[in-house]
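See below for the structure under consideration.
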Amino acid sequence: MILLAPSRTVKKETNIDYNVLGKILTTVLEHNHKKKIHLNIKIYKSKDSGTSSCYQLTKRNYVVHLDTSRDKYKWLFGSLLHELRHCIQYNLFGFWNHKVHFSTWSDYFYSKEEVDARKMERLTSQIIRCYESFTKLNKQFRDFELGKLS
């Protein structure tokens, strides 16, 4: 299971239900990797505008510093997916290359882990659609008062 634990600031600025997002990502990733995924990700606001980053604490625990300067779902979800892929690279594949310093920007940009993480960003539109459909379904469920027999 992927547990996303945003700080109060991130929760307020992004207005995303991270429980719903975590469940969607868990379903998609576990189904496609055919493995259980256990990740605990704390999400804090990035101090560097325009930059998101991910830090490993243990094999299952990570800290993501999310750039919230752009107030668009596509940017926020894309950044989260990118950083989540870095967590999966280590958790599932044992690949963590963040301790290496790249000599040039192009070395960084074309590195194996960054190319792979940018591929994950291609799912952004579909994940947003799933998220919005799920939240709309939950709202209708509450509006129709289906949680109780009346």
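Any read-out appearing in this document is the output of simple, stated calculations on the displayed coordinates, not a laboratory observation. This one's a predicted model, so the numbers in the text were calculated from it and none came from an experiment. A quick note on method: Cβ atoms are made from the backbone with ideal geometry, for glycine too, and the neighbour counts reach across all protein chains shown.
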What is the sum of charges around residue 30, taking Lys and Arg as +1, Asp and Glu as -1, for the other residues whose C-beta is under 11 Å from the C-beta of residue 30? +4
Two pseudo-spin positions, 7 Å from Cα along C-beta at residue 40 and at residue 116, lie apart in nanometres by 2.4
Only Cα pairs within less than 10 Å get springs; with that Gaussian network setup on the chain, which residue of 23, 34, 119 has the largest fluctuation? 34
With Cα springs under 10 Å, the Gaussian network model of the chain assigns the largest mean-square fluctuation among 123, 137, 84 to 137
Among 135, 51, 104, which one moves the most in a GNM of the chain with springs linking Cα atoms closer than 10 Å? 104
Among rounded, prolate and oblate, which fits the chain when a ≥ b ≥ c are the square roots of the eigenvalues of its C-alpha gyration tensor, a/c under 1.5 means rounded, and a/b larger than b/c means prolate? prolate
Looking only at lysines whose Cα falls under 28 Å of residue 136's and that sit 8 or more positions away or on another chain, we get 11, 12, 23, 36, 42, 45, 72, 74, 119, 148
Inter-label distance for residue 146 and residue 70, nm, one decimal - labels placed 7 Å from Cα along Cα-to-Cβ: 3.5
Could you work out the relative contact order of segment 2-143? I mean the mean sequence separation of Cα pairs under 8 Å and 6+ apart, divided by the number of residues, in percent. 21
Obtain the nm distance between the two label points defined at residue 58 and residue 139 by a simple spin-label model: each point lies 7 Å from its Cα along the Cα-to-C-beta direction. 3.9
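To the nearest 0.05, how large is the calculated FRET efficiency for residue 32 and residue 109 if R₀ is 30 Å and r is the Cβ-Cβ distance?
Working: r = 26 Å, r/R0 = 0.86.
In this case the efficiency is close to 0.70.
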Is segment 81-150 best put as rounded, prolate or oblate by its Cα gyration tensor, with a ≥ b ≥ c the root eigenvalues, rounded for a/c under 1.5, and otherwise prolate when a/b is larger than b/c, oblate when not? prolate
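Report the gain in length on full extension from residue 11 to residue 51: 0.36 nm times residue separation, minus Cα-Cα distance, nm rounded to one decimal.
12.6 nm
Can you give the % of DSSP beta bridges in segment 2-143 that are antiparallel, to the nearest 5?
Counting only bridges with both partners in segment 2-143, antiparallel ones make up about 25 percent.
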Run lengths n ≥ 4 of DSSP H only: what is the helix-derived mean residue ellipticity at 222 nm for the chain, with -39500 (n - 2.57) per run over all residues, to the nearest 500? -16500 deg cm²/dmol
Just to check I understand the Karplus step: with θ = phi - 60° and J = 6.51 cos²θ - 1.76 cosθ + 1.60, what whole-Hz values come out for segment 114-119, glycine and proline as x? 6, 4, 5, 5, 5, 5
